[in-house]
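Have a look at the structure below, then the notes.
Derivation of every value follows stated rules applied to the coordinates shown; laboratory data play no part. None of the values given here were measured: they were computed from a predicted structure. In this analysis, Cβ positions are derived from the backbone assuming ideal geometry, glycine residues included, and neighbour counts consider all displayed protein chains.
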Amino acid sequence: MVRVLFVCLGNICRSPMAEAVMRDLLIKEGLDGKIEVDSAGTGDWHVGEPPHKGTQMKLEEYKIDYSFIRARQLNRSDLNHFHYVIAMDEKNLNDIGVIAGKNPTAYIARLMDFVGDESIVDVPDPYFTGNFDLTYELVKEGSGQLLNFIRKREKI
């Protein structure tokens with residue numbers, strides 16, 4: 001089983017959106033038994049809460065289930081449990097690096113690293129921008145490209 005963890009700041013907007021979008025994609029591709037998906041935040045402000053209302057509305061628009069998602073905080077053991085730890089932005093990436101320390105076993109990258117558009121390196125945080133449409137589009141594209149990367153790398 002390949003395990004993927006999406007990480008953002010509070011785990012209520014971007015990373016739970018990515019978790020739900022990827023899980024939906026895996027089900028549609030018949031890979032939900034081969035790849036496990038989760039999400040976490042670098043901060044602890046929202047632990048136990050469901051996704052932000054804006055994220056919920058966007059996922060409902062595309063009929064993507066998010067009912068199982070509750071915010072949690074990233075911890076060091078995640079860096080050993082998950083094969084891929086995917087940050088939403090540069091700050092999240094740096095925070096993951098601090099938690100991981102030297103020689104992490106997980107493959108750590110930003111979601112937009114898989115898209116190949118050098119003009120967009122971070123998924124903007126809709127908690128601050130209010131733009132859940134853009135976040136969804138970037139998460140959808142990034143998740144699809146990440147899945148392609150994992151399929152090739154893991155030969156699944």
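Computed quantities for the displayed model
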item: Counted residues, segment 27-54 - those being aliphatic (A, V, I, L, M) and part of a loop (DSSP other than H, G, I, E, B); result: 2
item: Segment 126-144: number of residues that are in contact (Cβ under 8 Å) with a residue 40 or more places away in the chain and out of contact with any Cys (no Cβ under 6 Å at 6 or more places or on another chain); result: 10
item: The listed residue being within 15 Å of Ser143 (Cα to Cα), charged (D, E, K, R) and free of Cβ contacts under 8 Å to residues at least 12 places away in the same chain, out of Asp32, Asp38; result: Asp32
item: Subset of segment 125-148 [over 19 Å from Gly10 (Cα atoms) and surrounded by 15 or more Cβ atoms within 10 Å (Cβ to Cβ)]; result: Lys140, Glu141, Gly142, Ser143, Gly144, Gln145, Leu146, Leu147
item: Given (1) free of Cβ contacts under 8 Å to residues at least 40 places away in the same chain; (2) in a helix (DSSP H, G or I), number of the condition Met57 does not satisfy; result: (1)
item: Residue within segment 17-26 that is out of contact with any Ser or Thr (no Cβ under 6 Å at 6 or more places or on another chain), at negative phi and in a loop (DSSP other than H, G, I, E, B) present; result: no
item: Among the residues listed as Lys63, Lys53, the single one being at positive phi and charged (D, E, K, R); result: Lys63
item: Output for segment 90-121, where each listed residue is in contact (Cβ under 8 Å) with a residue 12 or more places away in the chain, surrounded by 15 or more Cβ atoms within 10 Å (Cβ to Cβ) and either out of contact with any helix residue (DSSP H, G or I) (no Cβ under 8 Å at 6 or more places or on another chain) or assigned to a helix (DSSP H, G or I) (or both); result: Asn92, Leu93, Asp95, Ile96, Ile99, Ala100, Leu111, Met112, Phe114
